[in-house]
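J.: Just passing along the structure, written as C-alpha cells.
Just so it is clear, none of the values below were taken in a lab; they were calculated from the coordinates. Note that the structure is predicted; figures quoted are calculated from it, not measured. Note that each Cβ is placed from the backbone with ideal geometry, even for glycine, and that neighbours are counted across all protein chains shown.
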C-alpha cells in the first residue's frame, strides 16, 4: 500500500559511477508514492557526483557539506532534514525497490517495539548479507585467534525467509524508526567511518528497542564502491578509520582500560597467527596492514552540533 511515510537518506562520496542506479530506483518509488522525498548528502566528492545529481536527478534534495564529514555526521544531517516516521539509510551503491521499502515500512508498522529493520541484501558474488551479535571482548579475541578460535555468531538473511531478531544488522540498507532516534539520539559524530551503526544498535537495545532482519524485503549492495582503493584496506575497510572507530566503540562500551587490553591482546594474537602463516609459506597480508594501522588511537573529536 503506497504510504509516502519513508524518507531515503543517501550519503555520497565519489559515488558518480554507482549512485545513478540507486536514485533511478528511488525515483520510481517516489512516483509510486512510496517515499516522500530523497535526501542526498554529498561529502565534497571530487568526481562530480553533486553535479550529476543536480543535472540528472533534480527531484532529489541535494545538500553539499563542503567537506567530508564521514558517514554518521552526514547521515545525521539528512535525518534531521526529514520529517517522515521512517528513514531509509541507503548506500549509494545499494538498491532497494519499492516493494522492499513498502515491506520494511509495513513490518515496522506492525511491530512498534522494533526500532530498525534490514532486508536481505544480495552481494555481487551471489552471497547474502549476514546479521549477528554485538561484538564483545571475548568474541573479538576469539576471532583474532583465527583457526584456533571461532568467528562471531552470524546468520544469513535468507531472501523471502522468516524475519528474525538480531543484535547487529548492516547500515548499508536499513530502515529506522524516527521515534527511536528521537529517544536515543542520532549517530555519534565522532565515528567518521565504520562502527557508527554498531554504537547506535547498542544504544537502541539498551533503551529497549529491537532490531530485526526481514528477508521479505530484498535489496542489492555492491560494497566498497566509494572506498579509496589506494588506502590500506583491512578486510575491505579503510584500516585507518576502522581501527580508530573500533577502539572508540570499545572505550565507550567497556571503558578505556578494558578496550586497551583487548586491542593489545588482539594485536598479539594476530602477530602470532602471521608468524605461523609465514612458517607455512603464506603471506600475512592482513597483519601487514594491521601493523601500519592505528593502535590504541581514538578518532578526532568533533563538535556535536551539525555544521
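J.: Inverting the mean 1/r over all pairs of different Cα atoms, compute the Kirkwood radius of the stretch 1-91 and quote it in Å.
T.: Working: mean 1/r = 0.0773 Å⁻¹.
The answer is 12.9 Å.
J.: Can you tell which of 15, 245, 25 shows the greatest fluctuation in a Gaussian network model of the chain with Cα springs below 10 Å?
T.: Among 15, 245, 25, the largest GNM mean-square fluctuation belongs to 25.
J.: Between helix 196-206 and the chain, what is the angle of the helix's C-alpha long axis to the longest principal axis, kept within 0 to 90° and rounded to the nearest 10?
T.: 80
J.: May I ask you to work out the translational diffusion coefficient for the stretch 45-107 at 4 °C, viscosity 1.567 mPa s, via Stokes-Einstein with Rh from the Kirkwood sum over Cα pairs, reported in whole µm²/s?
T.: Roughly 95 µm²/s, to the nearest whole number.
J.: Next question, about the same structure. Antiparallel versus total DSSP beta bridges in the stretch 1-160: what percent is that, nearest 5?
T.: Details: 4 of 17 bridges.
Bridges in the stretch 1-160 are about 25 percent antiparallel.
J.: Further, regarding this structure: What area, in nm² and to one decimal, does the C-alpha convex hull of the stretch 96-185 cast on average over all directions? All intermediate terms of the calculation are to be shown ahead of the outcome.
T.: Values: hull surface 30.1 nm².
Quarter of the Cα hull surface area: 7.5 nm².
J.: Just the number, please: Stokes-Einstein D of the stretch 6-221 in µm²/s, Kirkwood Rh from C-alpha pairs, 37 °C, 0.692 mPa s.
T.: Values: Rh = 17.6 Å.
Approximately 187 µm²/s, per Stokes-Einstein.
J.: Could you work out how far helix 239-254 tilts from the main Cα principal axis of the chain, as a 0 to 90 degree angle to the nearest 10?
T.: On a 0 to 90 degree scale, this one is about 90.
J.: Could you work out the percent of alpha carbon pairs in the stretch 179-261 separated by over 20 Å, rounded to a whole number? Show your work: numbers first, answer last.
T.: Details: 1693 of 3403 pairs.
Tail fraction, whole percent: 50.
J.: A further question on this structure: Which of rounded, prolate, oblate describes the stretch 233-292, given a ≥ b ≥ c as roots of the alpha-carbon gyration tensor eigenvalues and a/c under 1.5 marking rounded, otherwise prolate only if a/b is larger than b/c?
T.: Oblate.
J.: How do the peptides 108-115, 158-165 rank, highest first, by the average count of neighbouring beta carbon atoms within 10 Å per residue?
T.: On the way: 108-115: 16.5, 158-165: 12.6.
Packing order, densest peptide first, comes out as 108-115, 158-165.
J.: Another question about this same structure. If you fit an axis through the alpha-carbon atoms of helix 70-81 and take the longest principal axis of the Cα set of the chain, what angle between them do you get, 0 to 90°, nearest 10?
T.: The two axes meet at around 30 degrees.
J.: In the chain, what percentage of the DSSP-assigned beta bridges are antiparallel, given to the nearest 5?
T.: Details: 19 of 40 bridges.
In the chain, approximately 50 percent of DSSP beta bridges are antiparallel ones.
J.: By its C-alpha gyration tensor, with a ≥ b ≥ c as the square roots of the eigenvalues, how is the stretch 260-307 shaped: rounded for a/c under 1.5, else prolate for a/b larger than b/c, else oblate?
T.: Numbers: a/c = 5.55, a/b = 2.60, b/c = 2.14.
Note, shape of the stretch 260-307 comes out prolate.
J.: 7 Å from Cα along Cα→Cβ at both residue 300 and residue 155: what's the point-to-point distance in nm?
T.: Between residue 300 and residue 155, the label points sit 4.2 nm apart.
J.: Would you mind listing how long the stretch 107-248 runs along its three principal axes, going by Cα atoms, in whole Å with the largest first?
T.: 43, 34, 33
J.: For the stretch 73-134, what is the Kirkwood estimate of the hydrodynamic radius, computed as the reciprocal of the mean inverse distance between distinct Cα atoms, to one decimal in Å? Each step should come with its number before you reach the end.
T.: Values: mean 1/r = 0.0735 Å⁻¹.
One decimal place: 13.6 Å for the Kirkwood radius.
J.: Further question: Between the stretch 1-31 and the stretch 258-307, what is the separation of their alpha carbon centroids in Å?
T.: 35
J.: On to the next question. How do 13, 103 rank when sorted from fewest to most other Cβ atoms within 10 Å of their own Cβ?
T.: Working: 13 24, 103 20.
By the 10 Å Cβ count, ascending: 103, 13.
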